[in-house]
Amino acid sequence: AAAGNQPVATPVYPAAYPEVLAVTAGDRQGRIAPYANHGDFVDVIAPGTAVVQFENRAYLGTGTSYATAYVSGVAAGLVTGSGQTATEAAATLRDRLGTQTQPGTLPAP
(Lines give C-alpha, C1' and ligand atoms only; values in the text may rest on other atoms or scores of the structure.)
Protein backbone atom coordinates (compact mmCIF):
# COMPACT_ATOMS: atom_id res chain seq x y z
CA ALA A 1 0.00 0.00 0.00
CA ALA A 2 1.13 3.57 -0.65
CA ALA A 3 2.80 5.22 2.35
CA GLY A 4 1.47 8.68 1.49
CA ASN A 5 2.65 11.98 0.08
CA GLN A 6 2.74 14.25 3.13
CA PRO A 7 6.54 13.96 3.95
CA VAL A 8 5.85 12.90 7.55
CA ALA A 9 6.73 9.82 9.59
CA THR A 10 3.22 9.36 10.96
CA PRO A 11 1.90 5.88 10.08
CA VAL A 12 -0.69 5.87 7.30
CA TYR A 13 -3.24 3.07 7.00
CA PRO A 14 -3.66 0.60 5.41
CA ALA A 15 0.08 0.85 4.64
CA ALA A 16 1.05 0.73 8.32
CA TYR A 17 -0.68 -2.57 9.07
CA PRO A 18 2.07 -5.13 9.80
CA GLU A 19 0.85 -7.59 7.16
CA VAL A 20 0.98 -4.91 4.44
CA LEU A 21 4.09 -3.81 2.55
CA ALA A 22 4.23 -0.02 2.93
CA VAL A 23 5.76 1.55 -0.17
CA THR A 24 7.33 4.99 -0.32
CA ALA A 25 8.63 6.84 -3.35
CA GLY A 26 12.26 7.31 -4.23
CA ASP A 27 14.08 9.87 -6.33
CA ARG A 28 16.72 9.24 -9.02
CA GLN A 29 19.46 8.90 -6.41
CA GLY A 30 17.56 6.19 -4.50
CA ARG A 31 16.66 8.49 -1.62
CA ILE A 32 13.15 8.98 -0.31
CA ALA A 33 11.48 11.62 -2.48
CA PRO A 34 10.95 14.97 -0.75
CA TYR A 35 7.15 14.65 -0.97
CA ALA A 36 6.98 11.03 0.28
CA ASN A 37 6.15 9.73 3.74
CA HIS A 38 8.87 7.92 5.65
CA GLY A 39 9.24 6.27 9.03
CA ASP A 40 9.31 2.96 10.81
CA PHE A 41 6.15 1.71 9.10
CA VAL A 42 7.69 1.95 5.60
CA ASP A 43 9.03 -1.30 4.13
CA VAL A 44 10.00 -0.61 0.52
CA ILE A 45 11.24 2.29 -1.57
CA ALA A 46 10.57 2.28 -5.32
CA PRO A 47 10.65 4.83 -8.15
CA GLY A 48 8.04 7.49 -7.51
CA THR A 49 7.76 8.74 -11.08
CA ALA A 50 6.13 7.22 -14.14
CA VAL A 51 5.14 8.31 -17.63
CA VAL A 52 1.62 7.22 -18.50
CA GLN A 53 0.32 7.15 -22.07
CA PHE A 54 -3.33 8.07 -22.58
CA GLU A 55 -5.07 9.04 -25.82
CA ASN A 56 -1.77 9.58 -27.65
CA ARG A 57 -0.45 11.89 -24.95
CA ALA A 58 2.22 11.34 -22.32
CA TYR A 59 1.58 12.35 -18.72
CA LEU A 60 4.17 12.49 -15.96
CA GLY A 61 2.93 11.23 -12.62
CA THR A 62 4.63 11.22 -9.24
CA GLY A 63 3.77 9.85 -5.84
CA THR A 64 3.82 6.84 -3.60
CA SER A 65 0.93 5.35 -5.59
CA TYR A 66 3.21 5.15 -8.62
CA ALA A 67 5.90 3.53 -6.47
CA THR A 68 3.33 1.03 -5.21
CA ALA A 69 2.48 0.05 -8.79
CA TYR A 70 6.13 -0.89 -9.41
CA VAL A 71 6.25 -3.04 -6.26
CA SER A 72 2.91 -4.66 -7.09
CA GLY A 73 4.26 -5.60 -10.51
CA VAL A 74 7.36 -7.19 -8.99
CA ALA A 75 5.21 -9.09 -6.48
CA ALA A 76 2.93 -10.34 -9.26
CA GLY A 77 5.98 -11.50 -11.21
CA LEU A 78 7.29 -13.37 -8.19
CA VAL A 79 3.96 -15.09 -7.63
CA THR A 80 3.45 -16.11 -11.26
CA GLY A 81 7.07 -16.58 -12.34
CA SER A 82 8.44 -18.51 -9.40
CA GLY A 83 5.36 -20.14 -7.99
CA GLN A 84 5.68 -18.25 -4.73
CA THR A 85 2.62 -17.56 -2.66
CA ALA A 86 1.69 -13.94 -1.97
CA THR A 87 3.18 -14.27 1.53
CA GLU A 88 6.43 -15.68 0.14
CA ALA A 89 6.57 -12.92 -2.48
CA ALA A 90 6.15 -10.29 0.25
CA ALA A 91 9.00 -11.88 2.22
CA THR A 92 11.19 -11.90 -0.89
CA LEU A 93 10.42 -8.23 -1.50
CA ARG A 94 11.24 -7.35 2.10
CA ASP A 95 14.51 -9.25 1.74
CA ARG A 96 15.70 -8.03 -1.67
CA LEU A 97 14.30 -4.67 -2.76
CA GLY A 98 15.89 -2.03 -0.58
CA THR A 99 13.57 -2.90 2.22
CA GLN A 100 13.52 -2.54 5.91
CA THR A 101 14.25 -5.64 7.94
CA GLN A 102 14.42 -3.83 11.27
CA PRO A 103 12.10 -0.93 12.16
CA GLY A 104 13.51 2.43 11.18
CA THR A 105 16.29 1.24 8.85
CA LEU A 106 15.20 3.24 5.79
CA PRO A 107 17.01 6.57 5.58
CA ALA A 108 15.21 9.78 6.44
CA PRO A 109 14.59 12.05 3.46
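The values are calculated or read from the model by the stated rules, or taken from the named source; none is laboratory data. Everything numeric here is computed off the predicted structure, so don't read it as measured data. In this analysis, Cβ positions are derived from the backbone assuming ideal geometry, glycine residues included, and neighbour counts consider all displayed protein chains. For the accessible areas, the whole protein counts, side chains as well, though only heavy atoms, and no ligand, DNA or RNA atoms are used. Shrake-Rupley method; radii C 1.70, N 1.55, O 1.52, S 1.80 Å.
Some points to look at:
- Region 1-66, accessible surface, carbon-and-sulfur percent (1.4 angstrom probe): 54
- With Cα atoms as the point set, region 26-90 shows a radius of gyration and Dmax of 13.9, 41 Å.
- With protein chains left intact and a 1.4 Å probe, residues in the chain average 60 Å² of accessible area per residue.
- With the helix formula -39500 (n - 2.57) applied to DSSP H stretches of n ≥ 4, the chain reaches a computed 222 nm mean residue ellipticity of -9000 deg cm²/dmol.
- For Gly48, net neighbour charge (Lys/Arg +1, Asp/Glu -1) across residues whose Cβ lies under 11 Å away: +1
- The chain - share of DSSP beta bridges that are antiparallel (%, nearest 5): 60
- Positive minus negative residues near Ala89 (Lys, Arg vs Asp, Glu; Cβ under 11 Å): 0
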